[in-house]
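Rule-based calculations on the coordinates, nothing more; no lab input. The shown structure was predicted, so the numbers you read here are calculated from the model rather than taken from an experiment. Positions of Cβ are generated from backbone atoms using ideal geometry, with glycine treated the same way; all protein chains shown enter the neighbour counts.
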Amino acid sequence: MSAQTSDANSAAALMPSKAAPNRPGINTLSVHGGDDRPRAHQAIPMPIIQTATYAFADTADLINFMQHKSWGDGIVGREEYGRYGNPTVRAVESKVAALEGAEDAVLFSSGMAAITSLLLASLPTGAHIVMTSDCYRRTRQFCLTFLKRLGIETTIVPTGDYEALEAAIQPKRTRFIIFESPSNPYLRCVDLERVAEIAKRHRVQTIIDSTFGTPVNQLPLQYGIDYVTHSATKYLGGHHDLLAGVVAARKDRIAALRDARGVLGGIVDPQSAYLLERGLKTLGLRVAQQNATAMRVAQFLEAHPKIERVWYPGLPSHPDHEIAKKQMSGFGGVVSFTVRGTLEQTSQFIDAMQIPYIAPSLGGVDSLIEQPALMSYFDKTPEERLEVGITGNLVRFAIGVEDAEDLIADLEQALRVLP
Ligand SMILES: Cc1ncc(COP(=O)(O)O)c(C=O)c1O
């Protein structure tokens, strides 16, 4: 392990400079964060409470519950109906909140359910959003088509252009600045402090999709960001076996969003919540390994003659390396690169890889590899792809927890198919 990677993953480096001094280490938080002890029946993992509804002992019990609900304080540990809440789901929400350093968090059935519910629940007709250009394409699609139909407009600004971002804010109309950091596929990083400062000056709220970042590598709320969202399908779950999403923020904002979830219906099922809790227990370990391996893979690729260019925020060559260093304690598990070759030759290289699966998604224990031109951008012409910066020779490598030596050896043999 290089000095840089071991340092980036030491316990001390996992604490961003602004972290609360009493915050436990990331692995302790991954295992125990948000835990309610003792668990039901003295279980250690939170049991799967597989129920759609919850019984009342008698009418007096029902009336007592309804009165607390109408007063807005609820009854701790008492649920009413599965669309409004579930103890297994609640346990995961507490853990994510602890990991993000948030007052609370709310879980959804997918990352898209989280983002769309947050926006639908918060925005009135006539509102306006500012969004950076490389936000997840389905989020962009939701804003540009679905929200547009509801009279909500979105202005897209180039990632990294803070003057354009500020200029796009419309007084009294703009409600949110939405961005992703690091973003896909070029791992662009947004300066959290700078965006939070601009937003506060204009009384606009900020939403970060921190899926690629993870709470192991960055804690956006500590930089003044208002909402953190994740596709928990990725690193938080970590095993490519569940779909879930989450939003972490201030308690009152999460309470309002939890209420909206009960209307919009996007709660995650208890089985997936259980898998997510299980996955979260190793989040700190997995991401530390993925950070370290990704750094080694990025360095290997950057030195390889058959590679044209590498994008990894941990490399000094990345355009946002300085921002990443300032606000991240590790640089994540995704490495993007272009090979010296055509789209077809790039496919041959990918087909020659033995360890990673060819699949969309990222963040799990199994490495995944993809050629964005043939995955997310398959239906676009080469010219349309170029407009959004996607070339035929671009590869996205989402590192799992396999040994770095084996992944590098696999890359080495597969690169031999290139001329
Ligand atoms: C950055 C990012 N945000 C959100 C999503 C949507 O998440 P989900 O697939 O869990 O709905 C994805 C999915 O690929 C993503 O990569």
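In degrees from 0 to 90, rounded to the nearest 10, what is the angle of the helix 283-302 Cα long axis to the longest principal axis of the chain?
On a 0 to 90 degree scale, this one is about 20.
Step by step: find N for the chain, compute 2.2 N^0.38 Å, then divide the Cα radius of gyration by it. What's the final number?
So the chain has a normalised radius of gyration of 1.00.
Would you compute, from DSSP H runs of 4+ residues alone, the mean residue ellipticity of the chain at 222 nm, taking -39500 (n - 2.57) per run and dividing by the full residue count, rounded to the nearest 500?
Dividing the helical sum by the residues of the chain leaves -11000 deg cm²/dmol.
Check each of the trypsin sites (Lys or Arg not before Pro) in the range 150-179 and keep only those in coil by DSSP with at most 16 other C-beta atoms within 10 angstrom; list them in order.
Taking the range 150-179 and a limit of 16 other Cβ atoms within 10 Å, the loop trypsin sites (Lys or Arg not before Pro) found are Lys172, Arg173.
Count charges around Val96 for me, please; just the other residues with Cβ under 12 Å from its Cβ, Lys/Arg as +1, Asp/Glu as -1.
-3
Could you work out the local net charge near Gly74, counting Lys and Arg as +1, Asp and Glu as -1, over the other residues with Cβ closer than 12 Å to its Cβ?
Overall, the nearby charge balance is 0.
Using the alpha-carbon atoms, what tilt in degrees (0 to 90, nearest 10) does helix 111-122 show relative to the longest principal axis of the chain?
The two axes meet at around 50 degrees.
Taking Cα atoms, how many degrees apart are the long axis of helix 251-264 and the longest axis of the chain, rounded to 10 and kept between 0 and 90?
Taking the Cα atoms of the chain, the angle to 251-264 is about 90 degrees.
With charges set only on the Cβ (+1 for Lys and Arg, -1 for Asp and Glu), what does the dipole of the chain come to about its Cα centre, in debye to the nearest 20?
900 debye
If you take every DSSP beta bridge fully contained in the range 17-280, what fraction is antiparallel? Give it as a percent rounded to 5.
Of all bridge pairs located within the range 17-280, approximately 35 percent are antiparallel.
Please report how many Lys pairs in the range 17-280 have alpha carbons closer than 26 angstrom, counting only residues at least 8 apart along the chain or sitting on separate chains.
Value for the range 17-280: 14.
How big is the dipole moment of the range 373-419 about its Cα centre under a simple scheme where the beta carbon of each Lys and Arg is +1, that of each Asp and Glu is -1, and everything else is neutral? Debye, nearest 20, please.
Around 240 debye, computed over the range 373-419.
The range 351-391: which GluC sites (Glu not before Pro) are DSSP loop and have at most 12 other beta-carbon atoms within 10 angstrom?
Of the GluC sites (Glu not before Pro), not one in the loops of the range 351-391 has a Cβ with at most 12 other Cβ atoms within 10 Å.
Over the chain, what is the mean sequence separation of C-alpha contacts under 8 Å (at least six apart), divided by residue count, expressed as relative contact order in percent?
Relative contact order, the chain: 17 percent.
Evaluate 2.2 N^0.38 Å with N set to the residue count of the range 314-419, then give the Cα radius of gyration divided by it.
1.12
Between the range 141-206 and the range 309-347, how many Å separate their Cα centres?
23 Å
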